[in-house]
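Encoded as structure tokens, the structure appears first; notes follow it.
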Amino acid sequence: TGYNVAVVGATGAVGQQMLKTLEEKDFPVRSLKLLSSPRSAGKEIVFKGKTYTVEEAAPEQFEGMQIALFSAGGSISKKLAPEAVKRGAIVIDNTSAFRMDENVPLVVPEVNEEDLKGHNGIIANPNCSTIQMVVALEPIKKALGLKKVIVSTYQAVSGAGLDAIEEMREQSKDVLEGKEIDPKVLPVSGDKKHYQIAFNAVPQIDLFEENGYTFEEMKMINETKKIMHDDALEVAATCVRLPVETGHSESVYIETDGEGKSVKEIQAILSEGAGITLQDDPSTQTYPLATTSVGLPDVFVGRIRKDLDKNNAYHMWIVSDNLLKGAAYNSVQIAESLIKLGIVKEGQSS
Ligand code: 11C
């Protein structure tokens, strides 16, 4: 019994965490196929004590699969996700390729699990910085209504992949040793210029759009509205990369509907919210940190304050492991929801 599962991008920063999450959750894997781009094919990976060789992803590899987790970049998803669906698999895609497609549910189980019922084979996993924010916004929206969100992010380099982590580590050493540096990966490997990330703060994540926002900022804006089913919600974002290895942090300003509430009331709403851990006590210097969130699936919320000018507005600090709740963990949660809702059927053969 169980499910035939394919992981596309198995050797990447998110792929590795997908396998770890499947293992830790004891996900009912009947058979496992590890796939990648030609560059990583041939590598060996151990899953639950068994060694698997990573194979080059190709359409026929999805024959007999029930679940395919994709995290190998948008172009591989665009090419192969429809092929996997054609062969009967449900695709959970961690890239931005299909997120805004109206035939594709964009799902954070704590917020809009029911949207899975309308799937057409592909389900999109939102952007990491979007996921952790909507998990925190949802209980506030439910309790008070939500009018406006302004977010500034402090994002970790692992969001840009293993090459970015390597660049930050090497560059940090080189800067400390007074060596010349030659940035090649960040802020965006495919863009024209590259900047130092070590000891820096870089206000560019992903490519620029014509409106002056980056694609990462537009992802936060558009995906939030889609997941929360609220086109009227006002959202603005500024996304910044910091030399932090893992754990995205966000400073978030929100305006609710109706009368203002006390900080205690907002804390009470958030502490009941699914997937949220409140860490908020200035008297003991308790607040979320990237370093203490790494490896954990929760969204951590703290530094909750009332705005000093507007009665129904609040500020808060939201932190989560971008590779877990922001990516791999949310993808595996989606797979669990598909099982729970009876949407995916168990495999017969492997
Ligand atoms: C980052 N949020 O931190 C990005 C990574 O659309 O899935 C995820 C990119 C995406 O660089």
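The values are calculated or read from the model by the stated rules, or taken from the named source; none is laboratory data. This structure is a prediction, so every number in the text was calculated from the model and none was measured. Cβ atoms come from the backbone with ideal geometry, glycine included; neighbour counts cover every protein chain shown. These area figures cover heavy atoms from the full protein model, side chains too; ligands, DNA and RNA do not enter into them. Shrake-Rupley method; radii C 1.70, N 1.55, O 1.52, S 1.80 Å.
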| request: Could you tell me which residue of the range 119-137 is farthest from K86 (Cα to Cα), considering only residues that are open to solvent by less than 10 Å² (accessible area, probe 1.4 Å), within 10 Å of the ligand (Cβ to nearest atom) and assigned to a helix (DSSP H, G or I)? | output: S129
| request: Go through the range 244-272 and count every residue that is open to solvent by 40 Å² or more (accessible area, probe 1.4 Å), in contact (Cβ under 8 Å) with a residue 24 or more places away in the chain and under 25 Å from L296 (Cα atoms). | output: 4
| query | N222 is checked against (1) over 28 Å from T291 (Cα atoms); (2) polar (S, T, N, Q); (3) part of a helix (DSSP H, G or I); (4) away from the ligand (no atom under 13 Å from the Cβ) and fails just one. What number does that condition carry? | reply | (4)
| Across the range 84-100, which residue is surrounded by the most Cβ atoms within 10 Å (Cβ to Cβ) among those that are away from the ligand (no atom under 16 Å from the Cβ) and free of Cβ contacts under 8 Å to residues at least 60 places away in the same chain? | V85
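A quick yes/no check of all residues on (1) away from the ligand (no atom under 16 Å from the Cβ); (2) over 22 Å from L324 (Cα atoms); (3) part of a loop (DSSP other than H, G, I, E, B):
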position: R30; (1), (2), (3): yes, yes, no
position: L34; (1), (2), (3): yes, no, no
position: I45; (1), (2), (3): yes, no, no
position: K79; (1), (2), (3): yes, yes, no
position: P82; (1), (2), (3): yes, yes, no
position: E102; (1), (2), (3): yes, yes, yes
position: E113; (1), (2), (3): yes, no, no
position: K117; (1), (2), (3): yes, yes, no
| request: Go over the candidates R30, R39 one by one and state the one that is modelled with pLDDT under 95 and either out of contact with any Leu (no Cβ under 7 Å at 6 or more places or on another chain) or surrounded by fewer than 17 Cβ atoms within 10 Å (Cβ to Cβ) (or both). | output: R39
| note | Counted residues in the range 183-218 being within 12 Å of the ligand (Cβ to nearest atom) and either open to solvent by 50 Å² or more (accessible area, probe 1.4 Å) or out of contact with any strand residue (DSSP E or B) (no Cβ under 9 Å at 6 or more places or on another chain) (or both) come to 4
| request: Being among the polar types (S, T, N, Q) and in a helix (DSSP H, G or I) is the filter here, so list the residues in the range 153-203 that pass it. | output: S158, Q171, S172
| All positions within the range 301-334 that are assigned to a strand (DSSP E or B), aromatic (F, W, Y) and open to solvent by 10 Å² or more (accessible area, probe 1.4 Å) | W317
| Scanning for something open to solvent by 20 Å² or more (accessible area, probe 1.4 Å) and under 30 Å from N200 (Cα atoms), does the range 221-232 turn up at least one residue? | yes
